[in-house]
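Accompanying notes for the structure given below.
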Amino acid sequence: MHVDAMTLAAVADEWRMLLMGARIDTIIQPTEYALALQCYAPRPQGEEQGGGRNYWVYFSAHPQLARAHITARKPPRIASEPPAFVMLLRKYLEGARIEAVKQPRGERVIEIIAGYRNSPESEERTRFRLIIEIMGRISNIVFCDEGGMILGSLKRVSAEVNRYRVITPNVPYVAPPPQQRTLAGQTLPRLDPLTVTAAQLAICAAEQSEEASTEQQKKRKKGPAKATLWQLLTRHLEGCSPLLAREMAYRATENAELPVEETSEATWEELAWVIRDLSSLYESHQWQPQLVVREKAGEGLEAREEVLAFAAYQLEQYATREDVTFRSSPSINVVLDDYFARAEWRDAMDGVRSPVRKILQTQRDRCVRKAELLRQEMASSEEAARYRLQGELLLAHQHEVVQGQVNVELENYFEEDESGNVPRVSMTLDPRFDAVGNANRLFNKYHKLRRALELLPDQIEQNNAELATIEQLLLDLSLAETPAEVALVKAEVQAAGYIRGKAALDKKALKAAKKGKPAKGGKGAKGKAAAPGGGVPLSFQSREGFTLLVGKNSRQNEEVTFHQASGNDVWLHARGVPGAHVIVKAAGREIPRSTIDQAASLAAYYSQARGITNAPVDYTLQRHVRHMKGGGPGMVVYERERTLYVDPESAQGLLERAK
């Protein structure tokens, strides 16, 4: 779902109330498509208590998640180094105060005008315009001076891409083209929703029905599905999104999907009144922000509820559905923050994880193929026994075999049954050799297979250990929530030897190496990379006061299990899947079952079992845990375990208290 013009109008109203006169203190770029401004707003006039307040204002030009709203927390950043556009904004906007917020009615554009005095003694001010265009895949953030000259933009648009609107530095800013429609072959402005009449809507419907009939006759085939009322509104009404159009159609007819051909004159009168009534919110500013939430069916790794829609008005079109819940809020910014919570961050983090995930999945596929080949080789033990039997039979019957024979059938005295019947064995011979020569060739094949079979158990064990390590690293990568945590996993993958050559170096280290200098903060990149650290393990307090340690990656698992835990501490791990090691520090006390249940929920939550409502978790004393032979850091085997079943989502209580 996208942010429409009416939602932006509600956002602009709140910004005028909260951000007027606010000072822009910090500008960061959380993701590739986003900007965030930290603004300090002074105490509103009329309030006698309290001081000013800091707000984080978030802008995004993401192709699917474009938006603008105030967010409750400081947005995390993907890249530590600010790009050129952020440096440009910092140069001109940090320290400036917000003087105005504009939002052209019906347009998905919101503009912040900020400025500062040229000198303490002068009343003259220098102003700048920050324009956020929320228009799907062509969304953009443009920075202009007061006269409208573009100083920079998040995305540059050349004349080859768009001749009408070139967005590059030192070019005058051109607003998006006006909204237009086609009626009777003519291009006209779209209808103003504040003044629309029933007659105008009826004319649009009649023209659309005529066009559809003509098009169907030209194609001489079955026409498309019947045009609905809401589709008519999105085509002819200014600033009308699909959600708003459905709401208008539902309020007028109690059917959001009503076909145009089923309307009457009374319908157009009612619809025109509904459109004017809803659009009057632009003038009255009586916004009623709302979220529509539905419980998810089935199980999954994400939250178990789904937000179906949001709006700055009441969504009556969902009123008859029993599977949804309505959440009202006094702030449209809070609604947008809840709806888009971390969605763009997850998308950006997927981009950070993707190169490492591709390497690990390639190695995992290789291990899976190798495991299948080893399984097939183990099955060749029967073939080795057949070679030996044929060789022994050839030696026993060598007087019956003549050189030059291609096939021979011999009695197998080694398998004579109780009744005295002797089975016969057929075999293929090399005509160049006699019986002894063919027997020697068969014995050579037998011994070669036997030597290979003797090595197979160790190879299978090593391959299984490597596969388990890769599965754990893949889980570590999926649990990494910040670029720093992804870097720790990447370093672990590099230390394991899966990243080699230039791919093993980050861009800074590679650039320094080309100049003949050591990478910043360390020595030259000669030889194998040093074993990385895993970061600090998570720590929680159970309701009974016991310390719970959680490793979110392989190195942290190694740390909590073998360095921070003692023999009498309880160790937990999700059964049969990669996951976190969880330690309950006993500290000389008896650990109650409720604490073990809490620790088990954490073990399930930080594992591949997340999303399963009844996940098995093993627990035992730490002294019964030891390293896996041939395994990487944190790879263990254990004994004397017990198993309990928990819901991973029950760990949310501990996670919330830890924030």
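Things to note:
- Averaged per residue, the chain has 54 square angstrom of accessible surface, using a 1.4 angstrom probe with ligands and nucleic acids left out.
- Nearest 10 degrees, 0 to 90: helix 343-378 Cα axis against the chain principal axis: 20 degrees
- Contact order relative to length of region 563-659, as percent, for alpha carbon pairs under 8 angstrom and 6 or more apart: 31 percent
- Surface accessible to a 1.4 Å probe, Phe433 within the full protein complex, Å²: 80 Å²
- Local net charge near Ala580, Cβ-Cβ under 14 Å (Lys/Arg +1, Asp/Glu -1): -3
- Contour excess over end-to-end distance, with Cα ends at Leu644 and Asn421 and 0.36 nm allotted per residue: 74.5 nm
- Local net charge near Asp323, Cβ-Cβ under 9 Å (Lys/Arg +1, Asp/Glu -1): 0
- Fraction of accessible area attributable to carbon and sulfur, the chain (%, probe 1.4 Å): 49 percent
- From the coordinates shown, volume of the Cα convex hull per residue in Å³ corresponds to which of (1) 338; (2) 174; (3) 192: (1)
- Relative to the longest principal axis of the Cα atoms of the chain, the long axis of helix 242-253 lies at roughly 60 degrees.
- Rounded to whole numbers, the Karplus 3J(HN,Hα) couplings from phi for region 290-295 are 8, 10, 10, 10, 10, 5 Hz, using 6.51 cos²θ - 1.76 cosθ + 1.60 with θ = phi - 60°, and x at Gly and Pro.
- Glu265 paired with Arg125, simple spin-label distance in nm, labels 7 Å along Cα-to-beta-carbon: 5.5 nm
- Measuring r between the beta carbons of Arg626 and Glu32 and using R0 = 41 Å, the FRET efficiency lands at 0.35.
- Where labels lie 7 Å past Cα in the beta-carbon direction, separation of Val536 and Gln361 in nm: 3.4 nm
- Förster radius 60 Å - calculated FRET efficiency between Gln405 and Asp597, Cβ distance, rounded to 0.05: 0.20
- Region 10-15 - phi-based ³J(HN,Hα) in whole Hz, Karplus 6.51/-1.76/1.60, Gly and Pro as x: 5, 4, 4, 4, 5, 5
- Unsatisfied cross-links (Cα-Cα over 28 Å) in the set Lys358/Lys552; Lys74/Lys102; Lys358/Lys585: Lys358/Lys585
- Modelled FRET efficiency - R0 51 Å, Arg657 with Asp458, Cβ distances, 0.05 increments: 0.60
- Per residue of the chain, the DSSP helices (runs of n ≥ 4 H) give a summed -39500 (n - 2.57) that works out to -12000 deg cm²/dmol at 222 nm.
- For region 546-599, the set of trypsin sites (Lys or Arg not before Pro) satisfying both a DSSP loop assignment and a count of at most 13 other C-beta atoms within 10 Å is given as Arg589.
- Coil-residue GluC sites (Glu not before Pro) of region 322-407, DSSP, other Cβ within 10 Å capped at 15: Glu322
- Qualifying trypsin sites (Lys or Arg not before Pro) in region 335-376, where qualification requires a DSSP coil assignment and no more than 14 other C-beta atoms within 10 Å, comprise Arg342.
- Each Lys or Arg adds one and each Asp or Glu subtracts one; over the other residues with Cβ under 13 Å from the Cβ of Val86, this totals 0.
- Three-way shape label, region 242-342, alpha-carbon gyration tensor, a/c 1.5: oblate
- On Cα atoms only, tilt of 198-219 relative to the major axis of the chain in degrees: 40 degrees
- In sequence order, region 98-109 has phi-based couplings of 6, 9, 7, 10, 10, 8, x, 4, x, 10, 8, 9 Hz under the Karplus curve 6.51 cos²θ - 1.76 cosθ + 1.60, θ = phi - 60°, and Gly or Pro positions carry x.
- Region 1-44 shape via C-alpha gyration tensor axes, a/c threshold 1.5: oblate
The values are calculated or read from the model by the stated rules, or taken from the named source; none is laboratory data. Just so it is clear, the model here is predicted, and its values are computed rather than measured. Here the Cβ is made from the backbone with ideal geometry for all residues, glycine too, and neighbour counts use every protein chain on show. We work out accessible area using only protein heavy atoms, side chains counted, and drop any ligands, DNA or RNA first. Shrake-Rupley method; radii C 1.70, N 1.55, O 1.52, S 1.80 Å.
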